[in-house]
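Asker: For reference, the structure I am asking about is given below.
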Amino acid sequence: MGTVVEASSKEASGSSLSQKKPKVVFVLGGPGSGKGTQCANIVEHFGYTHLSAGDLLRAEIKSGSENGTMIQNMIKEGKIVPSEVTIKLLEKAILENENDKFLIDGFPRNEENRAAFESVFGDLQTGITPEFVLYFDCPQEEMEKRLLSRNQGREDDNIDTIRKRFKVFLESSLPVIEYYNSKEKVRKIDAAKPVEEVFKTVKALFTPVVDKAAA
Ligand code: ADP
Ligand code: C5P
Ligand code: MG
């Protein structure tokens, strides 16, 4: 298995994150809060590239990687995959893409994820920091209803795993959102509304102030 140090060795070969300096927005919220749905809209209107940590991990399982079975077991249990695996997938996806602005969806999901991001991408003072954190706030009953009717054949969209994912969200992911909130980076959105209404609020956050004045 590669390490975070190995992942950063591209610094020496020239295609490094510090050279690329991508613009990053974190998209966070509970399972089923609508992160993927809204990211698709943001991509269409604002030219970002969407990187879902969950999607990258599922692709890694499909690719037959040596970590595949471990990732699959973690996802089935609703647990967070060790950060070195996920951060490496994110770093690779960013460096391979010509775009320089990315929506990172479902990451960082716990303190360990956040620490890995800071060690690879730089800390809040000197390195690549998120422009802001979109936080989709949605009641648990609504998220549960959405996940149970998502119908994408996901092994973790069953009631047992969903309950475990909610517990992990409350215990491990909310503290990360709180951390960014203390840095005034969080833009909290009421995600219980219909898709179009949620997007209206999201759109306002991505529209530069000058454009708003001209509108
Ligand atoms: P996440 O990526 O946060 O887990 P998704 O974007 O995959 O969530 O959405 C979960 C399910 O809920 C999908 O079936 C999606 O179509 C639906 N959905 C997303 N946003 C809304 C919304 N605002 N109102 C109702 N259903 C929604
Ligand atoms: O975001 P999504 O619902 O696609 O995530 C599905 C699962 O992928 C999570 O429940 C978790 O098991 C795994 N995951 C992870 N680390 C992340 C994001 C997702 O382990 N940063
Ligand atoms: Mg998703």
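The values are calculated or read from the model by the stated rules, or taken from the named source; none is laboratory data. This one's a predicted model, so the numbers in the text were calculated from it and none came from an experiment. Neighbour counts are summed over all protein chains in view; Cβ atoms, including those assigned to glycine, are modelled from backbone coordinates with ideal geometry. Just so you know, the surface numbers come from the protein's heavy atoms only, side chains and all, with ligands and any DNA or RNA stripped out. Shrake-Rupley method; radii C 1.70, N 1.55, O 1.52, S 1.80 Å.
Asker: When the accessible area of the chain is computed with all protein chains present and a 1.4 Å probe, what percentage of it is carbon and sulfur? Don't skip to the answer; put the middle values down first.
Answerer: Working: 5490 of 11080 Å².
Accessible surface attributable to carbon and sulfur in the chain totals 50 percent.
Asker: Please identify which residues in the stretch 136-177 have an amide N closer than 18 Å to a label point set 7 Å out from the Cα of Asn73, following the Cα→Cβ vector.
Answerer: Counting only backbone N, you get 155-156, 161.
Asker: Return one whole number: the accessible area per residue of the stretch 75-181 in Å², for a 1.4 Å probe.
Answerer: Value returned for the stretch 75-181: 48 Å² of accessible area per residue.
Asker: Given a Förster distance of 22 Å, report the FRET efficiency between Glu142 and Lys164 from their Cβ-Cβ distance, rounded to the nearest 0.05.
Answerer: 0.75
Asker: Another question, then. In nm, what is the difference between 0.36 nm times the number of residues separating Thr201 and Arg154 and their Cα-Cα distance?
Answerer: Separation in residues times 0.36 nm, less the Cα-Cα distance, equals 14.0 nm.
Asker: Which GluC sites (Glu not before Pro) in the stretch 155-192 pass both tests, a DSSP loop state and at most 13 other beta-carbon atoms within 10 Å?
Answerer: Values: sites: Glu155, Glu171, Glu178, Glu184; in loops: Glu155, Glu184.
Sparse-neighbourhood loop GluC sites (Glu not before Pro): Glu155, Glu184.
Asker: With each run of n ≥ 4 DSSP H residues scored as -39500 (n - 2.57), what mean residue ellipticity at 222 nm is computed for the chain after dividing by its residue count and rounding to the nearest 500 deg cm²/dmol? Write down the numbers at each step before the final one.
Answerer: Numbers: 13 runs with 114 residues, N = 215.
Per the formula, -15000 deg cm²/dmol.
Asker: To the nearest 0.05, how large is the calculated FRET efficiency for Ser16 and Asp190 if R₀ is 41 Å and r is the Cβ-Cβ distance?
Answerer: 0.60
Asker: So, counting K/R as plus one and D/E as minus one, what does the shell of residues with Cβ under 11 Å around Val198 add up to? Kindly include the intermediate steps, with their values, before the conclusion.
Answerer: Details: positive: Lys35, Lys193, Lys200, Lys203; negative: Asp137, Asp190, Glu196, Glu197.
Around Val198, the charge tally is 0.
Asker: For the charge dipole of the stretch 75-215, defined by +1 on Lys and Arg C-beta atoms and -1 on Asp and Glu C-beta atoms about the Cα centroid, which residue among Asn181, Leu205, Leu147 has the Cα displaced farthest towards the positive pole?
Answerer: Leu147
Asker: Counting only Cα, what are the radius of gyration and maximum Cα-Cα distance Dmax of the chain, in Å?
Answerer: Cα-based Rg and Dmax for the chain come out at 17.0, 53 Å.
Asker: Counting other Cβ atoms within 10 Å, which GluC sites (Glu not before Pro) in the stretch 22-96 have at most 16 and lie in a DSSP loop? Please list the in-between numbers first.
Answerer: On the way: sites: Glu44, Glu60, Glu66, Glu77, Glu84, Glu91, Glu96; in loops: Glu66, Glu77.
Answer by residue number: Glu66, Glu77.
Asker: Starting from the amide H of Gly30, placed 1.01 Å from N in the peptide plane, find each other amide H under 5 Å away whose residue is 5 or more places distant or on another chain.
Answerer: Placed amide hydrogens put Cys138 under 5 Å from Gly30.
Asker: Continuing with the same structure: Under a 5 Å amide H to amide H cut-off, with H placed in plane at 1.01 Å, what residues pair with Thr49 once short-range neighbours are removed?
Answerer: Residues meeting the amide H criterion: Lys101, Phe102, Leu103.
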